[in-house]
Amino acid sequence: MSDGSITAQRRPRRLVYRHALVTRITHWVNVLCIVVLLLSGMQIFNAHPALYIGSASDFDNPVLSITAATNAEGERVGLTRILGATFTTTGVLGLSTAGSSVEARAFPSWLTVPTYRDLATGRRWHFFFAWIFVINGLVYLVASLINRHITRDLIPTGRQLRGIGRSILDHARFRFHHERDYNVLQKLTYLAIIFLVLPGVILTGMTMSPALDAAFPWLLDLFGGRQTARTIHFVCATAIVLFILVHLLMVLVSGAWNNTRSIVTGRYAVDAKEPSDD
Amino acid sequence: MIDFKRPSRRAFLFGAASSLGALALAGCDGLSQSDRFRKVLYTGEDMNRLVQRALLSPATMAREFAEADISANFKANGSTNPEDPAYRALAENGFADWRLKVGGLVETPRDYALADLRAMPSRTQITRHDCVEGWSCIGKWTGVQLAAVIQQVGLKPSARYIVLTCADELEKTLDGTGRYYESIDLEDAFHPQTILAYDMNGETLSIPHGAPLRLRVERQLGYKMPKYVMRIDAVESFADLGRGRGGFWEDRGYDWYAGI
């Protein structure tokens, strides 16, 4: 019943086929695209490091700004203002070292592509990888509808939904069951990212285009104007970063090797005896 | 399994991850400067242009706003006061001696005084100006449709682009390639909202915003809308102008098609 070497201490396991080839390929293409899009996005943000609400920019009232300033003691500091609250973020946001010099820049050199200030090249990276990201996403969607990855693997069952409290407790205690199916929190998170955050980041990106605004004026009404769309684009990007951090943490604490193997080769080791509850 | 409670291993993993990250970023810088890789990246612009042009008909209009939406503080970017002595002399005289030279691949080249342009049918539009940096401002523009000017002089069949040459030098260069210029294709040149604006927010266009004349191309970004326009030429190709990419910012790596 199990093909691994079984010791008295280890629970018996068997390998199941968890991720189809198309899921694995689109996952890794997505990793590349999202990393480049985030890093080049921060390069673009650095060209005008402030966010607004509405159609146009009310320069005196940004909802977020990351700037350099000189404080009362005459020191250069980095300041991040969010909704009227000011935080000193010297060293990372607003003012940071780039090579041997201290630079006034919203995001630091080690978070931007290119590392030096170059909006034109940042935009080139951003749009090239945005196209690959969108095409890759469409391939994933079509394939996942055909091979039933979405309906079979991502939509939670009624039983899972009813057991959501238990799943939250298990996650809080870092207790993980190794089953072929994703757990309910995992499913809901993936669904939110795939059908809310990623479409949101794409559509708000499109809303920043004056040409696409002419073609699809409803985008402006949907997001409340170009500058609000730009702010939502940034919020979606932040949500993606948070997702990646939690995703990586979960990968590491619930069996780093097993998880990595399942998204590279497709094979995942499950507990031989499946628990009766989800 | 990775044991994160052991600090030495944690430190090692963190160090390894940061070194890998630094290496990857250095690699991206290298790629950014490689001509071959830039060619690959530039295909993103081709995709943007092909897809957006397919989505837009020649008559698809940019949204127009209400008087109440006009920005109280419309940012003036780029040159805000050209130093060119000839331009200064024109400005001191209220642009009475300024002439717009329209030529190149046209049937009847001619000069226009401001009064000539003002005597032609005008169009007023309240539109959003989107800077490539990310900010937007809304302004009211009044001017003459570029199409009307082009029709008066008559395009030769070989003309494919309209090039606008400006009075401002945005970068000091020895070869003169720091002078601002821009080019648009005929689809944008003939668009109803493409105007040569002489008034802004109901007043004569100010010097920071491009007096006496600036272009509006409402379905593209701000840098496609040159200020201080002195000449308009119809051309077949812009390869021999400036550094050959069709505009001041295009020569410095920005997209020729700035629909996004």
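The values are calculated or read from the model by the stated rules, or taken from the named source; none is laboratory data. What you are looking at is a predicted structure, and each value in this text was computed from that prediction instead of being measured. Cβ coordinates were reconstructed from backbone atoms using ideal geometry, including for glycine residues, and neighbour counts include every protein chain displayed. Accessible surface is based on the protein model in full, side chains and every heavy atom, while ligands, DNA and RNA are left aside. Shrake-Rupley method; radii C 1.70, N 1.55, O 1.52, S 1.80 Å.
The figures follow:
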| quantity | calculated |
| --- | --- |
| Conditions (1) more than 19 Å from the chain's Cα centre (by Cα); (2) within 13 Å of another protein chain (Cβ to nearest Cβ); (3) free of Cβ contacts under 8 Å to residues at least 40 places away in the same chain; (4) over 30 Å from B:Gly222 (Cα atoms); number of the one not met by A:Phe176 | (3) |
| Tally, over the stretch A:59-77, of residues that are surrounded by 16 or more Cβ atoms within 10 Å (Cβ to Cβ) and farther than 19 Å from A:Phe107 by Cβ | 1 |
| Of all residues making up the stretch A:94-122, the number that are open to solvent by 10 Å² or more (accessible area, probe 1.4 Å) and either within 11 Å of chain B (Cβ to nearest Cβ) or within 20 Å of the chain's Cα centre (by Cα) (or both) | 8 |
| Conditions (1) within 11 Å of chain B (Cβ to nearest Cβ); (2) free of Cβ contacts under 8 Å to residues at least 60 places away in the same chain; number of the one not met by A:Ile44 | (2) |
| Exclusive hit being in contact (Cβ under 8 Å) with a residue 24 or more places away in the chain and of a type in the set (Lys, Arg), set A:Arg123, A:Arg148 | A:Arg123 |
| Filter result for the condition that a residue is outside any loop (DSSP other than H, G, I, E, B), within 14 Å of chain B (Cβ to nearest Cβ) and either open to solvent by less than 20 Å² (accessible area, probe 1.4 Å) or at pLDDT 95 or above (or both), over A:Phe243, A:Phe195, A:Phe234 | A:Phe234 |
| Residue identified as facing chain A (nearest Cβ under 7 Å) and either without any contact (Cβ under 8 Å) to a residue 40 or more places away in the chain or surrounded by fewer than 15 Cβ atoms within 10 Å (Cβ to Cβ) (or both) among B:Leu55, B:Leu50 | B:Leu55 |
| Filter result for A:Gly99 (closer than 20 Å to B:Ala24 by Cβ, out of contact with any helix residue (DSSP H, G or I) (no Cβ under 7 Å at 6 or more places or on another chain) and of a type in the set (Gly, Ala, Ser)) | yes |
| Total residues in the stretch A:246-261, condition of a type in the set (A, V, I, L, M, F, W, C), open to solvent by less than 60 Å² (accessible area, probe 1.4 Å), touching a helix residue (DSSP H, G or I) at 6+ places or on another chain (Cβ under 9 Å) and without any contact (Cβ under 8 Å) to a residue 60 or more places away in the chain | 2 |
| Residue match in the stretch B:62-78 (condition: within 14 Å of another protein chain (Cβ to nearest Cβ), more than 26 Å from B:Leu241 (Cα to Cα), in contact with a helix residue (DSSP H, G or I) (Cβ under 8 Å, 6 or more places away or on another chain) and surrounded by 14 or more Cβ atoms within 10 Å (Cβ to Cβ)) | yes |
| Residue check, A:Thr80 outside any helix (DSSP H, G or I), without any contact (Cβ under 8 Å) to a residue 60 or more places away in the chain, open to solvent by 40 Å² or more (accessible area, probe 1.4 Å) and more than 13 Å from every other protein chain (Cβ to nearest Cβ) | no |
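Quick grid of which residues meet (1) open to solvent by less than 10 Å² (accessible area, probe 1.4 Å); (2) without any contact (Cβ under 8 Å) to a residue 24 or more places away in the chain; (3) closer than 24 Å to B:Arg118 by Cα:
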residue: B:Gly178; (1), (2), (3): yes, no, no
residue: B:Tyr228; (1), (2), (3): yes, no, yes
residue: B:Leu241; (1), (2), (3): no, no, no
residue: B:Tyr257; (1), (2), (3): yes, no, no
